[in-house]
Amino acid sequence: MKKLKKSELKENQTIQISGSKSISNRLLILESLFSNIKIGNLSNSHDTQLLRKALSENTETVDIHHAGTAMRFLTSYYSIQEGKTTVLTGSKRMKERPIKNLVAALQKLGVEIGYLENEGFPPLKITGRKITEKSVDVPAGISSQFITSLLLIAGKLENGLEINLIGDITSRSYIEMTLDILTKFGIKNSFTGNTIRVEPFTEHPSPAIHYEVESDWSSASYFYSFAALGRKTLHLKSFYKASTQGDSAIAKIYREFFGIQTIFTEEEHKITLQPLENFQFPEKISLDMNNCPDIAQTLCVTASALRIPFEISGLGTLRVKETDRLLALYNELQKLGTETGITDSTIQSVSFGEPQENISVKTYQDHRMAMSFAPFCLIKELNIEDEEVVEKSYPMFWKDLENILVNIND
C-alpha cells in the first residue's frame with residue numbers, strides 16, 4: 001500500500017516521461033514484421049516489456065498476463081505466422097476480457113483460431129497461415145485496438161486489406177494514430193468514410209527507418225491533474241505539438257475546464273503546464289470522451305477534488321478494461337465525497353460531500369485507478385492499495401511524484 005501524505009506541489013519541477021506505450025507496442029509489431037525499423041525512447045512499461053519478450057521468444061504457449069494490448073496485437077500477429085501454432089493466454093482478468101470480434105474478423109479472413117476455455121474469450125489456439133482474402137467487415141463500436149491489430153499486419157498480406165467499419169466509430173483517434181505510423185514507414189493507406197484500405201508493402205528501404213517515440217500523453221494527464229489542484233507550474237518531456245495520440249486532448253480539456261494552459265517548447269520537446277491566474281472554474285463539465293476514454297478517470301478525480309459537477313459520455317469501452325472502470329470510479333469516488341451515477345457509457349456527479357477519514361483507494365488491478373487518484377493527496381492524505389500496478393504503464397510514477405511533492409508537515 002502506498003501512503004500519500006497531504007502534500008503541496010513544488011514550483012517549476014521537470015519530469016521526463018517514458019515513450020508512449022500505445023506507440024511503442026505498435027512499433028514492436030511492425031519491427032518484428034518489417035526488419036527495417038529502429039526504435040528510440042521505447043516505453044519502459046510492463047506491458048511493452050511483455051510484448052517485446054513474447055516477440056523475441058519462439059515458444060508454443062505465450063502468457064501475456066494483464067497486457068490487453070499485447071493480447072490483441074499478438075492475436076493477429078500469430079495469425080500470419082505460417083505453419084506455427086500458438087496458444088495465447090493471460091491472467092484471470094484477461095480471460096474475462098472479450099476478444100470475439102477480433103477473432104471473428106480473422107476467421108472471416110481464413111485464419112484457424114479456436115477458444116480453449118470460454119467462447120469469445122482467451123486463451124486462444126492460433127494456427128498461422130497465409131492470408132489472401134483482402135476484405136472484412138468489422139463492427140465500428142468495438143475497441144480500436146481490435147482494428148489496429150488488423151491494420152498492423154495488413155501491409156504484410158499479399159493483397160493488403162480493406163476494413164469496412166459498420167456503425168459509429170469508437171476511439172477514432174487511435175485508429176488514425178496507427179495509420180499515421182504506417183504512413184511514416186511507407187505503407188500506403190486511406191481512411192475514407194467508414195472504409196480503411198492498406199496496400200501490401202514489399203519494399204525494404206535501406207538504411208533502417210528510425211522512429212523516436214513521443215512520451216505518453218495519458219501518463220502526462222496525471223500531472224495536469226496535479227497542476228490543476230496545486231496551481232503550480234510543471235514541465236514535462238518529451239512531447240510534440242503535432243501529436244497523433246488521442247490523449248493529447250488532455251491539453252485542451254484542462255485549459256477549458258481547469259485553467260491549465262500548455263506551452264510548447266518545440267526545440268526541447270517540452271511542455272509547460274501553467275495555471276492561469278484568476279481562472280473562473282465552470283459551473284459544470286459536460287464532455288464526450290469517446291476519442292480519449294483513458295483520461296476520463298483523471299478528469300473525474302480532478303473535478304471531484306474541485307467539486308465541479310461533471311457529466312462524461314462516450315465511455316463504453318471502460319467497462320472492459322483492466323477492470324470495469326466505471327464501476328470502480330463509482331465505488332472509489334464515494335471515498336472522496338463524490339456520489340455519482342453511471343450507465344453503460346456515462347458517469348455523472350450527483351452530489352459532493354466531505355471526504356472519508358483514512359481514505360484507502362482500491363485499484364482493482366488497474367494502473368490508471370492508482371495514478372488518477374494520486375493527485376487527491378493535495379487535498380487530503382490517502383492510501384493507494386496495490387501500488388505496484390503502475391508498472392503496467394508507468395513504473396517510475398511514484399519516484400517521479402517524490403520529485404514534485406513536499407509533505408505539508410515536513
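The values are calculated or read from the model by the stated rules, or taken from the named source; none is laboratory data. Owing to the predicted nature of the structure, the values given are computational and were not obtained by experimental measurement. Backbone-built Cβ (ideal geometry, glycine too); neighbour counts: all protein chains shown. Areas reflect the complete protein model, heavy atoms only, side chains present, ligands, DNA and RNA absent. Shrake-Rupley method; radii C 1.70, N 1.55, O 1.52, S 1.80 Å.
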Could you calculate the FRET efficiency of Lys130 with Leu327 from 1/(1 + (r/R0)^6), where r is the beta carbon distance between them and R0 is 51 Å, rounded to 0.05? 0.75
Using a 1.4 angstrom probe, figure out how much accessible area the chain has per residue, in square angstrom, rounded to the nearest whole. 41 Å²
To the nearest 10 degrees, the tilt of helix 21-33 (Cα long axis) against the first principal axis of the alpha carbons of the chain is 20 degrees
Phi-based couplings in Hz for region 391-400 (Karplus 6.51, -1.76, 1.60; Gly and Pro marked x): 4, 4, 10, 8, x, 8, 4, 5, 5, 5
So which GluC sites (Glu not before Pro) in region 23-60 pass both tests, a DSSP loop state and at most 11 other Cβ atoms within 10 Å of the Cβ? Glu57, Glu60
Could you estimate the translational diffusion coefficient of region 133-280 from the Stokes-Einstein equation, with Rh from the Kirkwood formula over C-alpha pairs, at 25 °C and 0.890 mPa s, in whole µm²/s? 141 µm²/s
Peptides 214-224, 186-196: what's the order by average Cβ count within 10 Å, highest mean first? 214-224, 186-196
If we count every other residue with Cβ under 11 angstrom of Thr195's Cβ, Lys/Arg +1 and Asp/Glu -1, where does the sum land? -1
Restricted to Cα positions, what overall size does region 21-211 have along the principal axes? Three whole-Å values, descending. 42, 36, 31
Output for region 286-371 (equivalent-ellipsoid semi-axes, sqrt of 5λ from the C-alpha gyration tensor, Å, descending) is 19, 15, 10
Using 0.36 nm times the number of residues separating Lys284 and Lys108, minus their current alpha carbon distance, what extension gain do you get? 58.8 nm
For region 206-349 the translational diffusion coefficient, Stokes-Einstein from a Kirkwood Rh over Cα pairs at 10 °C and viscosity 1.306 mPa s, in µm²/s, is roughly 99 µm²/s
Can you give the helix-only mean residue ellipticity at 222 nm for the chain, where every DSSP H stretch with n ≥ 4 adds -39500 (n - 2.57) and the sum goes over all residues, rounded to the nearest 500 deg cm²/dmol? -9500 deg cm²/dmol
Charge dipole of the chain built from unit charges on the beta carbon (Lys, Arg +1; Asp, Glu -1), centred at mean Cα; most positive-end Cα among Gln334, Gly167, Ser190 is Ser190
Please report the carbon-and-sulfur percent of the accessible area for region 21-211; probe 1.4 Å, protein heavy atoms only, DNA, RNA and ligands left out. 46 percent
Student exercise, region 307-379 dipole from Lys, Arg, Asp, Glu Cβ charges, in Debye to nearest 20: 160 debye
Can you list which of the GluC sites (Glu not before Pro) found in region 98-145 are DSSP loop residues with at most 16 other C-beta atoms within 10 Å? Glu117, Glu119, Glu133
Hey, in the GNM for the chain with a 10 angstrom Cα cutoff, which one of Ala208, Ala54, Ala140 fluctuates hardest? Ala208
Can you give the FRET efficiency to the nearest 0.05 for His65 and Leu276, using r as the Cβ-Cβ distance and R₀ = 45 Å? 0.60
Restricting the count to DSSP beta bridges whose residues both fall in region 21-211, what percent are antiparallel, rounded to a multiple of 5? 60 percent
Give me the distance in nm between label points sitting 7 Å out from Cα along the Cα-to-Cβ direction at Phe264 and Thr343, one decimal. 3.6 nm
Assuming R0 = 45 Å, can you tell me the calculated FRET efficiency for the pair Ala208 and Arg93, based on Cβ-Cβ distance, to the nearest 0.05? 0.75
At Lys184 and Thr14, where each label point lies 7 Å from the Cα along Cα→Cβ, what is the point-to-point distance in nanometres? 2.3 nm
Could you give the size of the charge dipole of the chain about its Cα centre, using +1 on the Cβ of each K and R and -1 on the Cβ of each D and E, expressed in debye and rounded to the nearest 20? 300 debye
Along each of the three principal axes of the Cα atoms of region 19-100, give the extent in whole Å, ordering the values from largest to smallest. 33, 29, 21
Net length gained if the chain between Glu385 and Asn101 were fully extended (0.36 nm per residue, minus Cα distance): 98.9 nm
By how many nm would the segment from Glu176 to Lys399 lengthen if fully extended, with 0.36 nm per residue of separation less the alpha-carbon distance? 77.0 nm
For the chain, modelled as a Gaussian network with Cα springs under 10 Å, which listed residue fluctuates most, Thr233, Thr61, Thr338? Thr61
Just the projected area, averaged over all directions, of the convex hull on the alpha carbon atoms of the chain: how many nm²? 19.5 nm²
Quick one: work out the % antiparallel among DSSP beta bridges in the chain, nearest 5. 65 percent
Loop-located trypsin sites (Lys or Arg not before Pro) in region 36-82 whose Cβ has at most 13 other Cβ within 10 Å (DSSP): none
Once Lys and Arg are counted +1 and Asp and Glu -1 for all other residues with Cβ under 12 Å from that of Ala140, the total becomes -1
